[in-house]
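K.L.:
Input: one structure, supplied below.
The values are calculated or read from the model by the stated rules, or taken from the named source; none is laboratory data. In this text, all values refer to a predicted model and were calculated from it rather than measured experimentally. All Cβ positions, glycine included, derive from the backbone under ideal geometry; neighbour counts span all protein chains shown.
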Amino acid sequence: MSQAELTSLVRQIETCRACPLADSRTNVVPGEGKAPAALMFVGEGPGQTEDELGRPFVGRSGALLDTLVREELGLSRQDFYIANTVKCRPPHNRTPTQAEVEACRPFLTRQLALVDPAVIVALGQTAAAWFLGADVRVTLARGRVHEVDARALLVTYHPSAALRGGAMVVAQLRSDIARAGLVLAERR
Ligand code: SF4
């Protein structure tokens with residue numbers, strides 16, 4: 001992987017107008033972090049704070065994710081890569097449509113190839129469906145290691161769902177992140 005390729009991809013994403021989300025965004029949120037990296041997180045799409053700042057997972061849900069990853073894995077943002085299925089904020093934080101996700105799919109596909117993670121953590125339904133198909137359910141898919149293109153994929157709740165769901169869901173998210181650390185140690 002050349003850093004130049006990733007930089008060029010980010011430039012491409014920043015000027016993309018391939019779906020209607022281009023009309024409502026403030027900033028594109030391409031993704032960021034270490035590349036190549038053994039660990040990559042994939043979320044759904046930018047929220048309000050992410051849209052304002054052009055960076056992924058920088059609102060309340062990002063703060064929760066950062067805390068859990070630091071406490072369970074001893075890692076910070078410079079140790080992994082993080083991106084979303086769609087790079088522009090859906091209005092009012094609605095779920096991106098299938099057409100929007102498909103329009104944006106080539107970017108995440110290319111990011112995965114360039115970052116080349118051994119372990120991917122899909123955060124929430126949209127990210128899980130991106131990898132495993134629309135019929136996947138987070139509650140059923142979590143707790144197992146899925147193999148996708150010779151990479152380990154773990155599915156867990158989106159941190160915003162954990163914030164809404166309370167202590168029990170936060171504990172489940174924490175436990176899934178800890179499990180990702182164990183898989184990472186095996187795959188390295
Ligand atoms: Fe392009 Fe993706 Fe943004 Fe749609 S969400 S405009 S496909 S970068």
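K.L.:
List every residue pair whose Cβ atoms lie under 9 Å apart, where the two residues are 6 or more positions apart in sequence or sit on different chains, the first residue falls within the range 139-167 and is aliphatic (A, V, I, L, M), and the second residue, located anywhere, is modelled with pLDDT under 95.
P.N.:
Between residues of the range 139-167 that are aliphatic (A, V, I, L, M) and residues that are modelled with pLDDT under 95, the close pairs are Ala152/Arg187; Leu154/Gly143; Val155/Gly143.
K.L.:
Considering each of Ala35, Ala83 in turn, give the residue that is in contact with a helix residue (DSSP H, G or I) (Cβ under 6 Å, 6 or more places away or on another chain), under 26 Å from Glu186 (Cα atoms) and within 16 Å of the ligand (Cβ to nearest atom).
P.N.:
Result of the check over Ala35, Ala83: Ala83.
K.L.:
Could you say whether any residue in the range 30-41 is in contact with a Pro (Cβ under 8 Å, 6 or more places away or on another chain), crowded, with 19+ Cβ neighbours inside 10 Å, assigned to a helix (DSSP H, G or I) and in contact (Cβ under 8 Å) with a residue 24 or more places away in the chain?
P.N.:
No, the conditions are met nowhere in the range 30-41.
K.L.:
Checking the condition under 22 Å from Ala171 (Cβ atoms), acidic (Asp, Glu) and within 13 Å of the ligand (Cβ to nearest atom), which residue from Glu72, Glu44 passes?
P.N.:
Glu44 is the lone residue from the list that is under 22 Å from Ala171 (Cβ atoms), acidic (Asp, Glu) and within 13 Å of the ligand (Cβ to nearest atom).
K.L.:
Restricting attention to the range 101-149, report how many residues are buried (at least 23 other Cβ atoms within 10 Å of the Cβ), assigned to a helix (DSSP H, G or I) and away from the ligand (no atom under 16 Å from the Cβ).
P.N.:
2
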